Amino acid sequence: MNFPMASAKLQGYDPKQVDALMARVKSQQENPDREILSSAVVAIAKFDLVRGGYKISAVDQAIAEVADAFELNEVQREISAKGRAKSAADLAALLRALKQVLETEPKSRFEKVSQGYNPRLVNSLIKKIQIKRSTLTAPTTFELRTASLGRSSNGFDRGQVDEFLSAVVSALHRQDLLG
């Protein structure tokens, strides 16, 4: 996959690192029965910044699309292996866990850390996520994976927020496939 390059004065993702991950993605796509990569590994991929590297937005978009495609395949395999009833029960448990976070006071949803996500931006995104009558409504998985959550010196723990958003994405995929 070819990505556009940032100008020589701007930072972008290290092309060697991105190309190495994308080679593994291609290998996984060519051999779907082998688990070379999981959606979780793709979704959390991080790259060094270098001058004149690949444009960040283009790589982030591709990574989000690949992670979604991989997760849909993983969930479909899980439904086939476990059966619809067990998968529906797992989805219900996941929705209950998500609902607990959604019903928590916004300032207390996640731990505060010295270098975290901007709480205002996180809470703004979370306001768009609802569970009513055991049905999850939320922004698209792409928006959840690529939302800019800023930085804050007294912000929400990045790992906790990322884990929550990943669980929302997973629940959306399960809900769609079980629908």
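When residues of segment 52-75 are filtered for being open to solvent by 20 Å² or more (accessible area, probe 1.4 Å) and touching an Asp or Glu at 6+ places or on another chain (Cβ under 7 Å), how many remain?
Within segment 52-75, residues that are open to solvent by 20 Å² or more (accessible area, probe 1.4 Å) and touching an Asp or Glu at 6+ places or on another chain (Cβ under 7 Å) number 0.
One residue is enough: does segment 115-135 have a residue meeting the conditions assigned to a helix (DSSP H, G or I), more than 26 Å from residue 154 (Cα to Cα) and out of contact with any strand residue (DSSP E or B) (no Cβ under 8 Å at 6 or more places or on another chain)? Quick ask: steps written out before the conclusion?
First, pick out the residues of segment 115-135 that are assigned to a helix (DSSP H, G or I): 119-126.
With more than 26 Å from residue 154 (Cα to Cα) added as a condition, the list becomes none.
No, because not a single residue in segment 115-135 is assigned to a helix (DSSP H, G or I), more than 26 Å from residue 154 (Cα to Cα) and out of contact with any strand residue (DSSP E or B) (no Cβ under 8 Å at 6 or more places or on another chain).
Out of 81, 23, 45, report the one residue that is without any contact (Cβ under 8 Å) to a residue 60 or more places away in the chain and not in a helix (DSSP H, G or I). Reasoning before the result, please.
On the way: 81 fails: not in a helix (DSSP H, G or I); 23 fails: not in a helix (DSSP H, G or I).
Going through 81, 23, 45 in turn, just one is without any contact (Cβ under 8 Å) to a residue 60 or more places away in the chain and not in a helix (DSSP H, G or I): 45.
One line per residue, one yes/no per condition, for (1) of a type in the set (A, V, I, L, M); (2) surrounded by fewer than 16 Cβ atoms within 10 Å (Cβ to Cβ):
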{"residue": "6", "(1), (2)": "yes, no"}
{"residue": "11", "(1), (2)": "no, yes"}
{"residue": "28", "(1), (2)": "no, no"}
{"residue": "31", "(1), (2)": "no, yes"}
{"residue": "39", "(1), (2)": "no, no"}
{"residue": "50", "(1), (2)": "yes, yes"}
{"residue": "77", "(1), (2)": "no, yes"}
{"residue": "91", "(1), (2)": "yes, no"}
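Where residues in segment 128-160 are within 10 Å of the chain's Cα centre (by Cα) and either among the acidic types (Asp, Glu) or open to solvent by less than 70 Å² (accessible area, probe 1.4 Å) (or both), which of them is nearest to residue 118 (Cα to Cα)? Walk me through how you get there before you give the answer.
Within segment 128-160, the subset within 10 Å of the chain's Cα centre (by Cα) is 141-147.
Now restrict to residues that are either among the acidic types (Asp, Glu) or open to solvent by less than 70 Å² (accessible area, probe 1.4 Å) (or both): 141, 143-147.
On the way: 141: 20, 143: 17, 144: 15, 145: 16, 146: 15, 147: 12 Å.
Out of the qualifying residues, it is 147.
Do we find that residue 35 is in a helix (DSSP H, G or I) and acidic (Asp, Glu) in this structure?
Working: in a helix (DSSP H, G or I): no; acidic (Asp, Glu): yes.
The answer is no for residue 35.
Quick one: would you say residue 98 is assigned to a helix (DSSP H, G or I), closer than 21 Å to residue 40 by Cα and touching a strand residue (DSSP E or B) at 6+ places or on another chain (Cβ under 9 Å)?
Judged against the criteria, residue 98 is a match.
Taking interchain pairs and intrachain pairs at least six residues apart, which have beta carbon atoms under 6 angstrom, with the first residue in segment 132-143 and under 19 Å from residue 63 (Cβ atoms) and the second open to solvent by less than 90 Å² (accessible area, probe 1.4 Å) and among the small types (Gly, Ala, Ser)?
If the second residue must be open to solvent by less than 90 Å² (accessible area, probe 1.4 Å) and among the small types (Gly, Ala, Ser), the pairs left are 142/64.
The values are calculated or read from the model by the stated rules, or taken from the named source; none is laboratory data. Bear in mind that the values here come from a model prediction, so they are computed numbers and not experimental data. Here the Cβ is made from the backbone with ideal geometry for all residues, glycine too, and neighbour counts use every protein chain on show. Ligands, DNA and RNA are excluded from the accessible area calculation, which covers all protein heavy atoms including side chains. Shrake-Rupley method; radii C 1.70, N 1.55, O 1.52, S 1.80 Å.
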